[in-house]
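> Starting off with a structure, shown below.
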Amino acid sequence: MTEKIEVVCPVCDSDSYKVIFEPWVKEDDPIKLYGAATGLQGTQRIVRCNVCGMIYENPRYPKEVILRGYINTEQSLHDSQYKNRVKSFYNALNKIKEHLPAEGAKVLDIGTAGGAFLEAAAKFGYDAHGLEPSLYLSEEGKKRGLNITQGTIDENPFPDRYFDMVCLWDVIEHLVEPKDALFKIKRLLKHNGILLINYPDIGTWMAKLSGKRFWWILSVHLHHFDHKSITKICEKTGYKLFLFKPYWQTLDFGYLVDMAIRYKVPFASTLKKILPDLIKNIPVPYYASQTTILARLLYE
């Protein structure tokens, strides 16, 4: 059995921290912990860095164990909302289009899942490419005719200065070494290129009110950023943030109820039993403490 290891702060590299949440669920199977986008609640010890305030899991499993779970994820439930995710991404791009590269730009989406963002980006006029560690999801995206490479930022085929924009949609919290990944993304971006990050924001009033039951504190999320920590990690790796925007997405009401059941929201199971199928299939726009940021690549 692989043991968990102590890690330093992903932002400032300090090894000084305070424990803020202890685990209340014991689960050692990497496939169960890391093989689903939704993950499990209550399996992690969550700490806060005493130097910079970053919140992260510590100790945690080694990188190879976590990546094994990501690669073998099946994720058909996540992919069931593909069409809604395409619409959500397209709407998000439209809301910030004045800050984005022009039509025809080359865009890379890291952790693209089944490729919903790639389809939205192509509709937006971009030459869209994707990287996805999951064998299952990358194959599903390829079946849709999307340009997806199975792999990670550590192993990619792209030349230097190739992309006008690189995106991390709900990905940076999953990365074992987020600072290292941001450095590697710099190599792929053209001069003055754009970095887009969408992340669950643990600094919102929703997160503070929910405490350890915050729905984004999941086994697949190794790091928990807020406005201050996402700014700091970007600045440390050579990016200047210039836009923060709340992210709204649209998913079927029935899917949201299923997620509420998974996260043990009171009365969610009862609601599902009495919910007509017609209502289950209604797309619902919602905000759940996610934030989209844009940063510009800086050169010394």
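The values are calculated or read from the model by the stated rules, or taken from the named source; none is laboratory data. For clarity, every value in this text was computed on a predicted model and none was experimentally measured. Every residue, glycine among them, receives a Cβ derived from its backbone with ideal geometry; neighbour counts consider all protein chains shown. When the accessible area is computed, the model is the full protein with side chains, heavy atoms only, and any ligands, DNA or RNA have been set aside. Shrake-Rupley method; radii C 1.70, N 1.55, O 1.52, S 1.80 Å.
> Could you say which residue among PHE117, PHE158 is among the aromatic types (Phe, Trp, Tyr), touching a strand residue (DSSP E or B) at 6+ places or on another chain (Cβ under 8 Å) and assigned to a loop (DSSP other than H, G, I, E, B)?
PHE158
> Sticking with this structure for a sec: Tally up the residues in the stretch 49-68 that are among the basic types (Lys, Arg) and either surrounded by fewer than 18 Cβ atoms within 10 Å (Cβ to Cβ) or under 28 Å from SER80 (Cα atoms) (or both), please.
Qualifying residue count, the stretch 49-68: 2.
> Scan the stretch 1-19 residue by residue and report those that are over 22 Å from ALA181 (Cβ atoms) and either open to solvent by less than 20 Å² (accessible area, probe 1.4 Å) or free of Cβ contacts under 8 Å to residues at least 60 places away in the same chain (or both).
Matches in the stretch 1-19: MET1, GLU3, SER16, LYS18, VAL19.
> Looking at the stretch 100-130, which of the residues that are buried (at least 23 other Cβ atoms within 10 Å of the Cβ) and out of contact with any Lys or Arg (no Cβ under 9 Å at 6 or more places or on another chain) is farthest from LEU175 (Cα to Cα)?
ALA121
> Now, a different point. Is at least one residue of the stretch 84-99 outside any strand (DSSP E or B), exposed (fewer than 15 other Cβ atoms within 10 Å of the Cβ) and at pLDDT below 95?
Among the residues of the stretch 84-99, not one is outside any strand (DSSP E or B), exposed (fewer than 15 other Cβ atoms within 10 Å of the Cβ) and at pLDDT below 95, which makes the answer no.
> Return the total of residues in the stretch 135-168 being in contact (Cβ under 8 Å) with a residue 60 or more places away in the chain and closer than 20 Å to LEU100 by Cβ.
3
> Moving on. Every residue in the stretch 182-224 that is out of contact with any Ser or Thr (no Cβ under 9 Å at 6 or more places or on another chain) and of a type in the set (Lys, Arg), please.
LYS184, ARG187, LYS190, LYS208, LYS212, ARG213
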